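Only one structure is covered here, and it is reproduced in the block below.
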Amino acid sequence: MVVLVDEDGRAIGTEDKATVHHTATPLHLAFSSYVFDRHGRVLLTQRAFSKRTWPGVWTNSCCGHPLPGESLESAVRRRLADELGLVADTVELMLPAFRYRAEMPSGVVENELCPVFRVGCSGEPEPDPAEVAAYEWVEWSDLASRPELSPWCVLQLAELSELGNHALDWPVADPGRLPEAARLGTAAGS
């Protein structure tokens with residue numbers, strides 16, 4: 001189940017994840033994460049070719065949807081473990097109010113209120129092939145020059161670049177700026 005939200009970021013219901021993405025996808029809560037290793041490289045992933053949305057497209061490390069009643073940090077940790085076999089050392093909020101809408105050539109739409117996180121991990125990914133086709137560790141400075149990135153990743157990179165040139169030095173965002181539906185388990189929503 002995914003959490004549906006209104007224009008002000010308040011939860012208004014839920015819908016089955018299997019049916020929520022279509023040509024008139026309702027606005028819903030999601031997250032994006034960028035995993036960094038101890039050398040400051042970022043993990044780029046290629047979505048599995050069997051995915052309903054953007055199959056085979058290269059994107060940020062891990063995306064997903066919090067379950068109803070699940071905090072965003074818990075959702076980030078859960079999906080990293082499920083998709084990539086990674087255990088997050090740190091999960092830090094970078095873009096609390098990121099939102100986007102993107103349409104595939106088939107007409108299927110992504111319409112998400114999607115806070116963005118910086119994650120620190122050690123270890124090498126062990127991807128679930130149903131989720132991730134391939135992965136690559138890249139220098140942050142090289143990421144923006146890649147032409148094949150997902151539409152949400154391109155938009156996020158533009159906003160993240162405003163935080164500074166060195167990703168590991170970005171300031172952590174105030175969780176009070178998260179949409180109301182995303183505040184579960186944060187200092188602002190506890």
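Just so it is clear, none of the values below were taken in a lab; they were calculated from the coordinates. Only a predicted model underlies this, so the values are computations on that prediction, with no experimental measurement involved. Every residue, glycine among them, receives a Cβ derived from its backbone with ideal geometry; neighbour counts consider all protein chains shown.
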Find the relative contact order for the chain and round it to a whole percent, using C-alpha pairs within less than 8 Å whose residues are 6+ positions apart.
27 percent
Would you mind telling me which residue in H65, H21, H39 has the biggest mean-square fluctuation in a Gaussian network model of the chain, where springs connect alpha carbons within a distance under 10 angstrom?
H39
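Quick one: putting +1 on the C-beta of Lys and Arg, -1 on the C-beta of Asp and Glu, what dipole do you get for the chain around its Cα centre, in Debye to the nearest 20?
On the way: 16 positive and 28 negative charges, 32 e Å.
The calculated dipole for the chain is roughly 160 debye.
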Efficiency by 1/(1 + (r/R0)^6): what FRET value for W137 and L168, r their Cβ-Cβ distance, R0 = 25 Å, to the nearest 0.05?
0.95
Long-range HN-HN contacts of A173 with modeled amide H, under 5 Å:
L93, M94
Quick one: among P175, P129, P26, which has the greatest mean-square fluctuation in a GNM of the chain with alpha-carbon springs under 10 angstrom?
P129
Who wins for biggest fluctuation among T19, T59, T45 in a Gaussian network model of the chain, springs between alpha carbons below 10 Å?
T19
So what's the gap between the Cα centers of the stretch 19-86 and the stretch 157-178, to the nearest angstrom?
18 Å
How fast does the stretch 1-145 diffuse by Stokes-Einstein, in µm²/s, taking the Kirkwood radius from C-alpha pairs at 4 °C and 1.567 mPa s?
83 µm²/s
Under a Cβ-Cβ cut-off of 15 Å, what is the net charge of the residues other than L84 that fall near it, where Lys and Arg count +1 and Asp and Glu count -1?
-3
